[in-house]
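The values are calculated or read from the model by the stated rules, or taken from the named source; none is laboratory data. Note that this is a predicted model, so its numbers are computed, not measured. Cβ coordinates were reconstructed from backbone atoms using ideal geometry, including for glycine residues, and neighbour counts include every protein chain displayed. The protein model used for the area step is the full one, side chains on, heavy atoms only, and it has no ligands, DNA or RNA in it. Shrake-Rupley method; radii C 1.70, N 1.55, O 1.52, S 1.80 Å.
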Amino acid sequence: MNQQDLKAEALFQEGYNCAQAVFVAFHDSLGMEKDTALRLMSSFGGGMGRLREVCGALTAVFAAAGILYGYSNPDDQNQKAAHYALIQELAERFRKETGSILCRDLLQLTETSSDPTPELRTPEYYEKRPCAAYVRLGASLLEELVSAKGKSNMT
């Protein structure tokens with residue numbers, strides 16, 4: 001494990017959602033204040049507001065990749081395609097390690113819940129949830145990406 005993995009897991013254990021934990025572990029590298037980073041990612045926990053869609057840890061990786069390597073010119077089809085290819089590669093790497101990119105699959109839920117109330121973070125919660133491992137994986141994928149590509153789009 002690297003420092004970012006541990007930092008992301010510690011943030012998750014403090015009670016931040018999976019997306020916040022991964023993204024905020026990199027907030028300095030992303031040029032973002034911690035509070036702004038927390039607010040930005042607050043919508044994505046529980047697979048997008050507890051809708052159990054794409055895992056929040058992976059969503060945070062996508063968001064960070066967009067800041068670091070994303071495109072801003074809507075007419076640059078090559079840059080757009082290259083960025084989408086990067087996102088698909090990250091998703092495939094996550095899927096290969098976990099079996100899915102969907103929160104509901106990762107948590108082995110038979111039904112999705114529209115109940116917006118998050119579960120209390122108790123020792124029992126952390127024992128039954130595999131989310132800490134997904135947070136570490138997301139941070140690891142992002143750390144590997146930054147190590148391989150550098151901070152090319154940051155000014």
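Report the label-to-label distance for Glu92 and Gln77 in nanometres (one decimal), using points 7 Å from each Cα along the Cα→Cβ vector. Calculated label separation equals 2.2 nm.
Segment 57-99 and segment 30-55 have Cα centres spaced 16 Å apart. Membrane-span-like helices in the chain, defined here as complete DSSP H runs extending at least 24 Å along the helix axis by their C-alpha atoms with mean Kyte-Doolittle hydropathy no lower than -0.5, are 131-149; this is a sequence and geometry rule, not a statement about a membrane. How large a share of the accessible area of segment 68-155, in percent, is made up of carbon and sulfur atoms when the probe is 1.4 Å and the other protein chains stay in place? That fraction is 47 percent. For segment 95-139, the convex hull drawn through the C-alpha positions has a volume of 93 cubic angstrom per residue.
Arg93 sits among other residues whose Cβ lies under 13 Å from its own Cβ, and their net charge, with Lys and Arg +1 and Asp and Glu -1, is -3. Estimated at 0.36 nm per residue, the fully extended path between Asp35 and Ala85 surpasses their Cα-Cα distance by 15.0 nm. Residues in the chain average 55 Å² of solvent-accessible surface per residue, probe 1.4 Å, ligands and nucleic acids excluded. Adding -39500 (n - 2.57) for every DSSP H run of four residues or longer, then dividing by how many residues the chain holds, sets the calculated 222 nm ellipticity at -18500 deg cm²/dmol.
Within the straight-line cut-off of under 23 Å between alpha carbons, the lysines reachable from Lys7 are Lys34, Lys128, Lys149, Lys151, sequence neighbours fewer than 8 places apart in one chain being disregarded. Distant-in-sequence amide contacts of Leu102, defined by a placed amide H-H separation under 5 Å and a gap of 5 or more residues or a different chain, comprise Cys55.
Eigen-decomposition of the gyration tensor built on the alpha-carbon atoms of segment 10-155 gives equivalent ellipsoid semi-axes of 26, 17, 14 angstrom, largest listed first. Using a Debye calculation, one point per C-alpha and no hydration shell, please list log10 I(q)/I(0) for segment 69-155 at q = 0.20 Å⁻¹ in order. Debye intensities relative to I(0), on a log10 scale: -1.04. Remark: C-alpha extents of segment 41-84 on the principal axes read 34, 16, 13 Å, sorted largest to smallest. When all protein chains stay in place and ligands, DNA and RNA are ignored, the 1.4 Å accessible-area order of Asp5, Asp115, largest first, is Asp115, Asp5. Net charge in the neighbourhood of Thr122 (other residues with Cβ under 13 Å of its Cβ; Lys, Arg +1, Asp, Glu -1) is 0. State log₁₀ I(q)/I(0) for segment 1-67 at q = 0.24, 0.28 Å⁻¹ as given by the Debye formula over alpha-carbon point scatterers of equal weight, solvent excluded. Each listed q maps to, in turn, -0.99, -1.28. One Cα centroid belongs to segment 106-130, the other to segment 11-26; the line between them spans 16 Å.
Highest-first packing order for the peptide set 99-112, 25-38 is 25-38, 99-112, based on the mean count of other beta carbon atoms within 10 Å.
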